[in-house]
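Below is one structure, written out as structure tokens; the observations come after it.
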Amino acid sequence: MSATERAGATGGARGAPGSETGPVLLLCTTTRDCPRTLEAALQVARGGGRELLALFVLDPALLQATASLLSQAGFDATERSAEALEPAYRSRAEARLGEIRRAALEAGLQVRTELREGSFTDQLEALLGEEGPSRVICARKRRSHYARLVFEQGLLEPLRGSVPLDEVEET
């Protein structure tokens, strides 16, 4: 399932991943505020005259792994915890995408946001084929369980070698 918002977009240019004409993809790996990452994405999009496309993938397997991490940390997390996390993550992801949209519009950029559900890798590969981003920017945030899992499980591998990837360190 894909929920897309368009603002100021006229149907961005599509191409092969890493093409000169594709949008700048801001890959959201956390629902937390990532000011350095957002600023980097805005600068790249502005500098190249590109549309900004922000994506958050709501992956049930990552939610289950997050619940497991919480359980290991001493929280009372059961198998149902992942199901309980889903509405909160969805709400936070939607809010985060809304913040990104507002910042991009304030910067005078064309922007689209997408919240997709399913396997992180499958959704990322599908988007790469559909959109052909010119560059991907994402946050590495140590305090986010979701982001840690994305990086620890190698879920960004479909990007490596196919499109320039900027990983911005957030505190």
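Overview of results
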{"item": "Amide H contacts under 5 Å for Thr29, placed H, 5+ residues apart", "result": "Ala139"}
{"item": "Theoretical gain in end-to-end length, Glu152 to Ala61 [0.36 nm per residue, Cα-Cα removed]", "result": "31.4 nm"}
{"item": "Sequence ranges 115-123, 33-41, ranked by mean other-Cβ count within 10 angstrom, highest first", "result": "33-41, 115-123"}
{"item": "Protection proxy ranking, peptides 127-133, 155-161, average beta carbon neighbours within 10 Å, highest first", "result": "127-133, 155-161"}
{"item": "Approximate spin-label separation Thr21-Ala95, in nm, with each point projected 7 Å along Cα-to-Cβ", "result": "4.0"}
{"item": "Long-range HN-HN contacts of Thr113 with modeled amide H, under 5 Å", "result": "Glu5, Ala54"}
{"item": "Label-point separation in nm, Arg36 to Glu169, each point 7 Å along Cα→Cβ", "result": "0.6"}
{"item": "Proxy reagent accessibility, fewest Cβ within 10 Å first, across Arg112, Arg90", "result": "Arg90, Arg112"}
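The numbers here are math on the coordinates, done by the rules we state, and not lab data. These figures come from a predicted structure and were not determined experimentally. So basically every Cβ, Gly included, is an ideal-geometry build from the backbone, and we count neighbours across all protein chains shown.
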